[in-house]
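Since the structure comes first, as structure tokens, the remarks are kept for the end.
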Amino acid sequence: MTLTHEQVRAQLTAPGQLFEMDEVEIRGTTIRTWKHAPGHFRALLDASRGYGERDFLIYEDERLSFEEHYRRASALATVLVRDYGVAKGDRVALAMRNYPEWVVSFSAILAAGAIAVPLNAWWTRQELEFGLADSGAKVLIADGERADRLAAASYDARLIVTRPGGEPPEGPRCWRT
């Protein structure tokens with residue numbers, strides 16, 4: 001028996017199922033949401049630790065476990081809040097290619113309660129500069145290539161750089177300011 005897309009969706013989202021749907025009111029608007037989903041990103045990040053040393057991310061010959069991702073994201077979130085004054089609702093920009101640090105940075109930004117502002121890694125200096133100014137980013141996390149591209153730029157965000165020469169960071173510290 002072949003099920004239609006609608007029948008499969010109805011089964012998956014039915015009461016008592018993992019993807020059960022519920023209607024909730026958010027700021028006066030009723031929306032459908034998953035009943036069993038974590039309430040916020042930090043809860044999702046915390047739950048990911050349950051997968052321990054299993055591979056979370058593989059990039060070329062680098063492997064990052066769920067636990068290592070959690071530790072790096074938590075450490076960076078702490079640095080963003082403690083050392084950079086990032087608070088809930090602040091914007092933190094990301095300008096880097098698809099390195100593992102992009103995922104770690106994105107997770108850290110959300111875990112800190114900030115708003116992630118991904119900037120296109122292909123952008124020119126002027127486009128990156130505009131993106132930073134237009135978003136009002138308080139901090140920019142960039143790989144070495146984007147940081148070099150922005151060296152002559154004028155922007156207000158504080159800079160954190162990873163992979164300054166394109167090489168993976170050594171040891172537990174992934175970032176430099």
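The values are calculated or read from the model by the stated rules, or taken from the named source; none is laboratory data. In this text, all values refer to a predicted model and were calculated from it rather than measured experimentally. Glycine also receives a Cβ, built like all others from the backbone with ideal geometry; neighbour counts cover every protein chain displayed. The area values use the complete protein model at the heavy-atom level, side chains included, leaving out ligands, DNA and RNA. Shrake-Rupley method; radii C 1.70, N 1.55, O 1.52, S 1.80 Å.
Taking the DSSP beta bridges in the chain as the whole, what percent of them are antiparallel, to the nearest 5?
Values: 11 of 24 bridges.
If we restrict to bridges inside the chain, about 45 percent are antiparallel.
So if I take the centroid of the Cα atoms in the stretch 54-82 and the same for the stretch 83-114, what is the distance between those two points in Å?
Using only Cα atoms, the two centres lie 12 Å from each other.
As a test question: what accessible area, to the nearest 10 Å², does residue 154 have when a 1.4 Å probe is rolled over all protein chains in place?
Here the residue's solvent-accessible area equals roughly 90 Å².
May I ask you to derive the relative contact order of the stretch 48-177, considering only C-alpha pairs under 8 Å and at least 6 residues apart, and to give it as an integer percent? Don't skip to the answer; put the middle values down first.
Details: 218 pairs, mean separation 25.4, N = 130.
Worked out over the stretch 48-177, it gives 20 percent.
In nm, to one decimal, how far is the modelled label at residue 82 from the one at residue 152, with both set 7 Å along Cα→Cβ?
3.8
For residue 103, tell me the accessible area in Å² from a 1.4 Å probe, rounded to the nearest 10.
40
With the full set of protein chains in place, find how many percent of the accessible area of the chain is carbon and sulfur; take the probe as 1.4 Å.
Numbers: 5730 of 10940 Å².
Ligands and nucleic acids excluded, carbon and sulfur reach 52 percent.
Between residue 10 and residue 120, what length comes free when the chain is fully extended (0.36 nm per residue of separation minus the Cα-Cα distance, one decimal in nm)?
Values: separation 110, 0.36 × 110 = 39.60 nm, distance 3.74 nm.
This chain segment gains 35.9 nm when fully extended.
So, for the chain, what is the accessible surface per residue at a probe of 1.4 Å, expressed in square angstrom?
On the way: 10940 Å² over 177 residues.
About 62 Å² of surface per residue is accessible.
Taking square-rooted eigenvalues a ≥ b ≥ c of the alpha carbon gyration tensor, is the stretch 84-126 rounded, prolate or oblate, where a/c under 1.5 means rounded and, failing that, a/b exceeding b/c means prolate? Numbers along the way, then the final one.
On the way: a/c = 2.91, a/b = 1.52, b/c = 1.92.
Since a/c reaches 1.5 but b/c is at least a/b, the shape of the stretch 84-126 is classed as oblate.
What's the extension gain from residue 26 to residue 127 if we count 0.36 nm per residue and subtract their Cα-Cα distance?
On the way: separation 101, 0.36 × 101 = 36.36 nm, distance 3.45 nm.
Result for the pair: 32.9 nm of gain on full extension.
With n ≥ 4 as the cut-off for DSSP H runs, can you work out [θ] at 222 nm for the chain, using -39500 (n - 2.57) per run divided by the number of residues, rounded to the nearest 500? Write down the numbers at each step before the final one.
Numbers: 6 runs with 62 residues, N = 177.
Theoretical 222 nm ellipticity from helices: -10500 deg cm²/dmol.
Taking the stretch 20-72, which trypsin sites (Lys or Arg not before Pro) meet the DSSP loop condition and have no more than 13 other C-beta atoms within 10 Å? Write down the numbers at each step before the final one.
Working: sites: 27, 32, 35, 42, 49, 54, 63, 71, 72; in loops: 27, 35, 54.
Loop-located and lightly packed - 27, 54.
Using only protein heavy atoms and a 1.4 Å probe, report how much of residue 8 is accessible, in Å² to the nearest 10.
Roll a 1.4 Å probe over it and residue 8 shows about 60 Å².
Need one word for the stretch 17-101: rounded, prolate or oblate. Basis is the Cα gyration tensor (sqrt eigenvalues a ≥ b ≥ c); a/c below 1.5 gives rounded, then a/b vs b/c decides. Intermediate results must be reported in sequence, preceding the final value.
Values: a/c = 2.20, a/b = 1.34, b/c = 1.64.
Here the stretch 17-101 falls in the oblate category.
Considering only protein heavy atoms, with the full assembly of protein chains and a 1.4 angstrom probe, order 36, 5, 69 by accessible area, largest first.
Working: 36 105, 5 145, 69 5 Å².
Of 36, 5, 69, the descending order of accessible area is 5, 36, 69.
If 51, 155 are ordered by their accessible area, calculated over protein heavy atoms with a 1.4 Å probe, which sequence runs from highest to lowest? Don't jump to the answer; show the numbers that get you there.
Details: 51 110, 155 60 Å².
Of 51, 155, the descending order of accessible area is 51, 155.
With a/c under 1.5 counting as rounded, go ahead and sort the chain into rounded, prolate or oblate using the C-alpha gyration tensor (a ≥ b ≥ c being the square roots of the eigenvalues; past the cut-off, prolate if a/b is larger than b/c, else oblate). Please list the in-between numbers first.
On the way: a/c = 2.04, a/b = 1.63, b/c = 1.25.
Taking the square roots of the gyration eigenvalues as a ≥ b ≥ c, the chain is prolate.
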